[in-house]
Amino acid sequence: MGTSSRPTTVKEGKKLEPPRRAGNHAAVQRSPVDKPPFTLGDIRKAIPPHCFHRSVIKSFSYLLHDLAIAAGLLYFALVVIPALPGVLRLVAWPFYWAAQGCFLFGVWIIAHECGHHAFSGHALLDDTLGLVLHSWLLAPYFSWKYTHQRHHSNTSSQERDEVFVPRFKSDLPWYSPYVYKYNNPVARLLLLVVQLTVGWPMYLVFNTWGRQYPRFASHFDPSGPIYKGRERVFIAISDIGMLAVSLALYWLAEGYGFWWVVRVYGVPLLVVNAWLVVVTYLHHTHRAIPHYDSSEWDWLRGALATVDRDYGFLNRVFHNITDTHVLHHLFPAIPHYHAVEATKAIRPVLGEYYQFDPTPVVKAIWREAKECIYIQSEDHKGIFWYSNKF
């Protein structure tokens, strides 16, 4: 890892200087931090008008497509795998877990679109469907919807962003030098495993890796500091949805056994949660993108401080949330089936403000976990960049 060269970052079709290896003093070619020479209105004018149109029929067609595949995979797990010889069963179960987890993450993304009202534009339909789908995947729909909307409103704001808020060097936990200063790959791998397996539940329950609040904050607490006013009623509704699905899983475990539920539902859900952490982490963690404090932050520069990634064929399985995320932060109500076209339309307008990194996902996770440890100010007070130097 420490001796391999780094892939280039691509902006607007041009190869940039590749980011240097960890420990090397040369900087990546970073996003501009000056106020952009264009406005949100300029970007919007570049997008074909039909891209803003939300079709209930088309949105449901994608959802039904994903649900049909998930149902087919469930049949494979319940009927086909038990009939296979022992050795083939050992191969078939991991295949089922990986495939089901990927397609259920596609369902998760459609529920996420409901939260942005990109599914239909009808609030009641979107919220009802989003509540059902996210509850089924043990995600508190309204609780996450509200914090996610604030994330969109405050992206890369050091004081007000809601998720993967980077730390300053002085705020790192005590064990950080043992992991990063001495380049300990085993410890780094262990931290990644923890983040990918329990990172999402820890964020929901304890607000880990989230915005700092003056007291204990949890996505399940209607009276907590995260929420206010009429939001609190909907947090309780989300909790009820989670409780209903949890009871259903308990009854299934009573009828079919605990390990049956783990094999059929639990492991694919772990895959869903891992993808959620990976996708969010890689969109907002890169040495080429800045973070701002209140003296420098504004909405447009914050929204542009994210990175599109390439997940290969999984881009389509994940409804292109992976490679159109910059657009998503600018216009979150554009449905996913127009996002690729709209992204192509805005790239000439954004120019160097658009970031795309084609680094393979596994390599990117390892690289960012090695290089993006804390943020520090350099040339401009109030503008921060990732570093890993101790």
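Sort 256-267, 150-161, 101-112, 308-319 for me by packing, meaning the mean count of neighbouring Cβ atoms within 10 Å per residue, highest on top.
Values: 256-267: 15.7, 150-161: 19.8, 101-112: 23.3, 308-319: 17.7.
Ranked from most to least packed, the peptides come out as 101-112, 150-161, 308-319, 256-267.
Rank 165, 87, 349 by mean-square fluctuation in a GNM of the chain with C-alpha springs under 10 angstrom and give only the top-ranked residue.
Most flexible of the set in this elastic network: 87.
Using the Cα gyration tensor of region 107-258, with a ≥ b ≥ c the square roots of its eigenvalues, what is the shape: rounded (a/c below 1.5), prolate (a/b larger than b/c) or oblate (neither)? List each step's numbers first, then the result.
On the way: a/c = 2.04, a/b = 1.38, b/c = 1.48.
Since a/c reaches 1.5 but b/c is at least a/b, the shape of region 107-258 is classed as oblate.
Taking the highest mean first, how do the peptides 29-40, 118-129, 168-179 order by number of other beta carbon atoms within 10 angstrom per residue?
Working: 29-40: 14.5, 118-129: 17.6, 168-179: 12.1.
Ranking the peptides 29-40, 118-129, 168-179 by packing returns 118-129, 29-40, 168-179.
How many angstrom lie between the Cα centre of region 134-169 and the Cα centre of region 57-92?
Spelled out, the Cα-based centre of one part sits 32 Å from the other.
Using a 1.4 Å probe on the protein chains only, how many percent of the accessible area of the chain belongs to carbon and sulfur? Kindly include the intermediate steps, with their values, before the conclusion.
Details: 11710 of 17980 Å².
Within the chain, the accessible surface is 65 percent carbon and sulfur.
Expressed as a whole number of Å, what is the distance separating the alpha-carbon centroids of region 284-350 and region 209-239?
Here the answer is 27 Å between Cα centres.
Measuring from label point to label point, each 7 Å out along Cα→Cβ, what is the residue 53 to residue 379 span in nm?
Output for this residue pair reads 4.5 nm.
Hydropathy at least 0.5 by Kyte-Doolittle, axial extent at least 27 angstrom from the Cα trace: which helices of the chain, defined as entire DSSP H runs, fit?
Working: long enough: 56-75 (28 Å, 1.26); 86-115 (43 Å, 1.06); 185-206 (28 Å, 1.63); 231-256 (38 Å, 1.08).
For the chain, where a helix must reach 27 Å along its axis and average at least 0.5, the hits are 56-75, 86-115, 185-206, 231-256.
How far is it, in nm, from the label point at residue 299 to the one at residue 35 when both lie 7 Å from their Cα along the line to the Cβ?
1.5
Using the Cα centre as the reference, give the magnitude of the dipole from point charges on the C-beta atoms of the chain (Lys, Arg: +1; Asp, Glu: -1; all else neutral), rounded to the nearest 20 debye.
On the way: 37 positive and 29 negative charges, 150 e Å.
The calculation lands at about 720 debye.
Mean residue ellipticity at 222 nm from the helices of the chain, using -39,500 (n - 2.57) per DSSP H segment of n ≥ 4 over the full residue count, to the nearest 500 deg cm²/dmol? Spell out each step's value before the answer.
Values: 14 runs with 193 residues, N = 390.
So the calculated ellipticity at 222 nm is -16000 deg cm²/dmol.
Contour minus end-to-end for residue 74 and residue 206, with contour as 0.36 nm per residue of separation and end-to-end as the Cα-Cα distance?
Working: separation 132, 0.36 × 132 = 47.52 nm, distance 3.23 nm.
Between residue 74 and residue 206, full extension yields an extra 44.3 nm.
Mind grabbing the accessible area of residue 58 for me, 1.4 Å probe, Å², rounded to tens?
Residue 58 has an accessible surface of roughly 80 Å² with all protein chains in place.
Can you tell me how much longer the chain between residue 182 and residue 60 gets when fully stretched, taken as 0.36 nm per residue apart minus their C-alpha distance, in nm with one decimal?
Values: separation 122, 0.36 × 122 = 43.92 nm, distance 5.07 nm.
That works out to 38.8 nm of additional length.
Separation between the residue 95 and residue 247 pseudo-spin-labels, each 7 Å from Cα along Cα→Cβ, expressed in nm?
3.8
Quick one: accessible area per residue over region 267-390, 1.4 Å probe, rounded to a whole number of Å²? Intermediate results must be reported in sequence, preceding the final value.
Values: 3860 Å² over 124 residues.
Ligands and nucleic acids excluded, the result is 31 Å² per residue.
The values are calculated or read from the model by the stated rules, or taken from the named source; none is laboratory data. Bear in mind that the values here come from a model prediction, so they are computed numbers and not experimental data. Because the Cβ atoms are built from the backbone with ideal geometry, glycine has one as well, and the counts that use them run over all protein chains shown. With ligands, DNA and RNA removed, areas are computed over all heavy atoms of the protein, side chains included. Shrake-Rupley method; radii C 1.70, N 1.55, O 1.52, S 1.80 Å.
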